[in-house]
Amino acid sequence: MNASIISALSALLGAAIGGTASFLASWMTQRMQVQAQWLIQERLRRQELYKEFIEEASKCYIDALQHDKGDIPSLVTLYSKIDRMRVLSAPKVIDSAEQIGRKILDTYLEPDKSFLELREMVNSNSIRIIGDFSQACREEFESLRPRQF
């Protein structure tokens, strides 16, 4: 073989390997950026849904503590948010949200609470029904963190 042919083939092979390596590095970088952006958007979407759910559940729960007649439109809104979570969220988050919904419905069946009873519930932390849900959401958000290496 002629030395010039070997030299030319070596140059072509080196260029092909370098080009392929450059392409793969760019592709992997782009892929990681897209995945990180998707995780950020997914996290923001869930944060907004969970915020709305917490606000609606809190309103419904306070209403249930004060009245024995259910606020049907608010309950429908609350359960529609739970149904939206079924599409986006982990099973633990959905289970916690459903427990909150059941607690609110059960509270409507209990006698109305007086202001003194509400104060005692606040002092004993028994008025807080969102705790397990918040913890489940926090764990889910941890799983959505972009992976760093």
Restricted to the stretch 32-69, and to residues that are of a type in the set (Asp, Glu) and over 17 Å from residue 85 (Cα atoms), which residue is surrounded by the most Cβ atoms within 10 Å (Cβ to Cβ)?
63
Looking at residue 125 and the list (1) modelled with pLDDT of 90 or more; (2) loosely packed, with under 14 Cβ neighbours inside 10 Å, which single condition is not satisfied?
(1)
Residue list for the stretch 75-92, restricted to those being within 14 Å of residue 52 (Cα to Cα) and either in contact (Cβ under 8 Å) with a residue 40 or more places away in the chain or of a type in the set (Asp, Glu) (or both)
83
For residue 135, which of the numbered conditions (1) surrounded by 13 or more Cβ atoms within 10 Å (Cβ to Cβ); (2) over 18 Å from residue 52 (Cα atoms); (3) not basic (Lys, Arg) fails to hold?
(2)
The stretch 82-149: helices (runs of 4 or more DSSP H) wholly inside it with 3 or more residues that are over 28 Å from residue 69 (Cα atoms) are 131-143
From the list 15, 36, 8, 25, exactly one residue is within 17 Å of the chain's Cα centre (by Cα), farther than 22 Å from residue 135 by Cβ and small (Gly, Ala, Ser). Which is it?
36
Does residue 93 fit the bill of being out of contact with any His (no Cβ under 8 Å at 6 or more places or on another chain) and within 28 Å of residue 43 (Cβ to Cβ)?
yes
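Scan the stretch 37-50 and tell me whether some residue there is within 30 Å of residue 118 (Cβ to Cβ), part of a helix (DSSP H, G or I) and among the aromatic types (Phe, Trp, Tyr).
First, the residues of the stretch 37-50 that are within 30 Å of residue 118 (Cβ to Cβ): 47-50.
Going one step further and asking which of them are part of a helix (DSSP H, G or I), we end up with 47-50.
Among the residues that remain, those that are also among the aromatic types (Phe, Trp, Tyr) are: 50.
Within the stretch 37-50 (the criterion being within 30 Å of residue 118 (Cβ to Cβ), part of a helix (DSSP H, G or I) and among the aromatic types (Phe, Trp, Tyr)), the answer is yes, since at least one residue qualifies.
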All conditions in (1) modelled with pLDDT under 95; (2) in a helix (DSSP H, G or I); (3) under 14 Å from residue 102 (Cα atoms) are true of residue 70 except (2)
Go through (1) touching a residue at least 40 places away in the same chain (Cβ under 8 Å); (2) closer than 24 Å to residue 132 by Cα; (3) not hydrophobic (A, V, I, L, M, F, W, C) and name the single condition residue 68 misses.
(2)
If residue 97 satisfies all but one of (1) surrounded by fewer than 19 Cβ atoms within 10 Å (Cβ to Cβ); (2) at pLDDT 95 or above; (3) not aromatic (Phe, Trp, Tyr), what's the number of the condition it fails?
(1)
Run residue 95 past the list (1) in contact (Cβ under 8 Å) with a residue 40 or more places away in the chain; (2) closer than 21 Å to residue 118 by Cα and report the number of the one that doesn't hold.
(2)
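The values are calculated or read from the model by the stated rules, or taken from the named source; none is laboratory data. As the structure is a computational prediction, the values presented were derived from the model and not from experiment. A quick note on method: Cβ atoms are made from the backbone with ideal geometry, for glycine too, and the neighbour counts reach across all protein chains shown.
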